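The values are calculated or read from the model by the stated rules, or taken from the named source; none is laboratory data. Note that the structure is predicted; figures quoted are calculated from it, not measured. Note: ideal-geometry Cβ built from the backbone for every residue, glycine included; neighbour counts use all protein chains shown. Quick note on the areas: whole protein, heavy atoms, side chains included, nothing else; ligands and nucleic acids left out. Shrake-Rupley method; radii C 1.70, N 1.55, O 1.52, S 1.80 Å.
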Amino acid sequence: TDEIMQQEIRPLVAVDIIEQLHRQFAILSGGRGKDGAPIITFPEFAGFSDIPDEDFLNVVTYLTSIPSLEAASIGFIIIIDRRRDKWSAVKASLTRIAGAFPGNLQLVFVLRPSRFIQRTIADIGIKLYRDDFKMKVPIIMLNSVSDLHGYIDKSQLTRELGGTLEYGHSQWIHHRTAIENFAMTVKTTAQMLQTFGTDLAETELPNDVQCTEELLTAHSDHHSKLKDELKLAVKQGATLLTCIREPVTRSANSKLSPDELENVATVERLLAQLDETEKAFDQFWTKHHLKLEQCLQLRHFEHDFREVKLALDNLMEAQAGFADIGDSVTRVEHLLREQKQLEEKGQEPLEKAQSLALHGEQLIQNNHYAVDSIRPKCVELRRICDDFTNETKKKYDILGKSLELHKQLDKASQWCEAGVYLLASQAVDKCQTQEGAETALVEIEKFLVTAKEHQLSNPKEFYNQFDMILTPEIKANAQRILQKLEDVQEMFDKRQVSLKKLAAKQTRPVQPVAPHPESSPKRASPKTTRPA
């Protein structure tokens, strides 16, 4: 039903009735009356009465549809040439035109039969049958083309009617079919562009790089083909325009008929319509192509983001595994080397992350449609980079503190061992003399001078300085060494006291003591045998 309705609604075009037009029983020469009324001529045609009603109606309907609405509204002038025919032919023509002419009539001119008898019959017949023709317009019977020239200028009449208007029926049909084909091309092209535009508007953007690239390629290829179709259509219209104007370009004295001028206006209007359609399509395509390119940029960004994020997560996980702060100088130095290696290993993913974040910010600056998706990813990349950098610095600080701690503990322990060794190396028998005691004291004093360089600070300062890295094990070790320091210091204090006493005894002057009365020089007192 829809197809039938469309066929009924679609106006006639030349190709539909091409055979009937070629018979040339009615023509639209392009001439106009003095008031601009279009002229339709019915030339002499032997088999006019034999033309099927449908063919006659189709041709006349088609011819009346060609002039502009403005010209058609004035009314058509009909010229019926029956100079070589009989009155019966005149009557048949008038009857058929009166009953089936679809347009607005203004005048009917009849070139009556030239033979005397037929002309007389025609004069009588037109008076008798005028009312039977049911025409509300004047029917003017003319004896010759000279009479016709009194009503219509010769420049608007073809050579067959004694005029100067150039008219070639085959060329006229060619121009009509070409114009209508071009109009159909413009319509079809516009429909193709509209369909393609609708498809583009309804297309869902893919979620991966490959599909987006394939879609961009497919749409670009389709766009290129449509642009080629547009170029061909414009070329077709330009060529047609040149053909219609050809008489004027060939001869400066030639002028286009009003119908030809309307043909020029029609083609120019179609070309303008094509140009507007192309501009609208290009504008839409520019937006769509930009969106597809931005979609591809987004998919690449998302793909790179996933890869970089995975590398950063692995890096952060590896960094989180460095929880050990070491229990000795050697161990801490080893951990510092491992931390350095991790830092060097992380340079590449960190640089990629920073570069990707910068790229994302450039997309945002270029008015990317997915700003809400890109910006959080850029923020996250920079946050992870900052976290890794800050955590690395923190690790270095902790390991640096740990190294300093263990170096201090080692120095303190070594000092204790050296102090114990010094005390043990001082022979007791050598310290019995003043010189020996003083020498031992000097050695101790020299050694104690190095205490500030090798000993730990006082416990409170020590704990405050290394509180952030004091694990239970390190704290226990530090307390043990602190206790050892106190013990060694106490040993030195006692040794110094003893040595000072010995040195003091040796330096005291010897005074003569009177023998005790009870004492006998020959008997030694038991107390004097006690060793000093």
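Within region 289-327, how many residues turn out to be part of a loop (DSSP other than H, G, I, E, B) and buried (at least 16 other Cβ atoms within 10 Å of the Cβ)?
So in region 289-327, the residues part of a loop (DSSP other than H, G, I, E, B) come out as 321-327.
Those still in the list that are buried (at least 16 other Cβ atoms within 10 Å of the Cβ) too: 322, 325-326.
Within region 289-327, residues that are part of a loop (DSSP other than H, G, I, E, B) and buried (at least 16 other Cβ atoms within 10 Å of the Cβ) number 3.
Which numbered condition in (1) open to solvent by 60 Å² or more (accessible area, probe 1.4 Å); (2) more than 30 Å from Gln297 (Cβ to Cβ); (3) of a type outside the set (A, V, I, L, M); (4) in a helix (DSSP H, G or I) is the only one that Ser155 fails?
It fails just one condition, (1).
Out of the residues in region 106-152 that are at pLDDT 85 or above and assigned to a helix (DSSP H, G or I), which is least open to solvent (accessible area, probe 1.4 Å)?
Leu148
Counting only residues that are without any contact (Cβ under 8 Å) to a residue 12 or more places away in the chain and outside any loop (DSSP other than H, G, I, E, B), how many does region 40-69 have?
3
Pairs, please: C-beta under 8 Å, at least 6 apart or cross-chain, first residue β-branched (Val, Ile, Thr) and in region 183-203, second part of a helix (DSSP H, G or I) and open to solvent by 60 Å² or more (accessible area, probe 1.4 Å)?
Listed pairs, sorted by first residue: Thr185/Gln236; Val186/Gln273; Thr189/Glu229.
Just to check your reading of the model, which residue among Thr286, Thr330, Thr277, Thr249 is among the β-branched types (Val, Ile, Thr), open to solvent by 40 Å² or more (accessible area, probe 1.4 Å) and under 30 Å from Glu202 (Cα atoms)?
None of the other options fit; the residue is Thr286.
Might you let me know whether region 250-261 holds any residue that is in contact (Cβ under 8 Å) with a residue 40 or more places away in the chain and of a type in the set (A, V, I, L, M)?
No, the conditions are met nowhere in region 250-261.
Contact list please: Cβ distance under 9 Å, first residue in region 145-168 and among the acidic types (Asp, Glu), second residue open to solvent by 80 Å² or more (accessible area, probe 1.4 Å) and part of a helix (DSSP H, G or I), pairs at least six apart or on different chains.
From region 145-168, the pairs are Glu166/Arg159.
Quick one: which of Gly75, Gly47 is of a type in the set (Gly, Ala, Ser) and crowded, with 16+ Cβ neighbours inside 10 Å?
Details: Gly47 fails: crowded, with 16+ Cβ neighbours inside 10 Å.
Going through Gly75, Gly47 in turn, the sole match is Gly75.
For region 391-468, list the helices (runs of 4 or more DSSP H) that sit wholly inside it and hold at least 3 residues that are open to solvent by 70 Å² or more (accessible area, probe 1.4 Å), free of Cβ contacts under 8 Å to residues at least 24 places away in the same chain and among the aromatic types (Phe, Trp, Tyr); which are they?
Values: elements: 434-449, 451-454, 459-465.
Hits in region 391-468: none.
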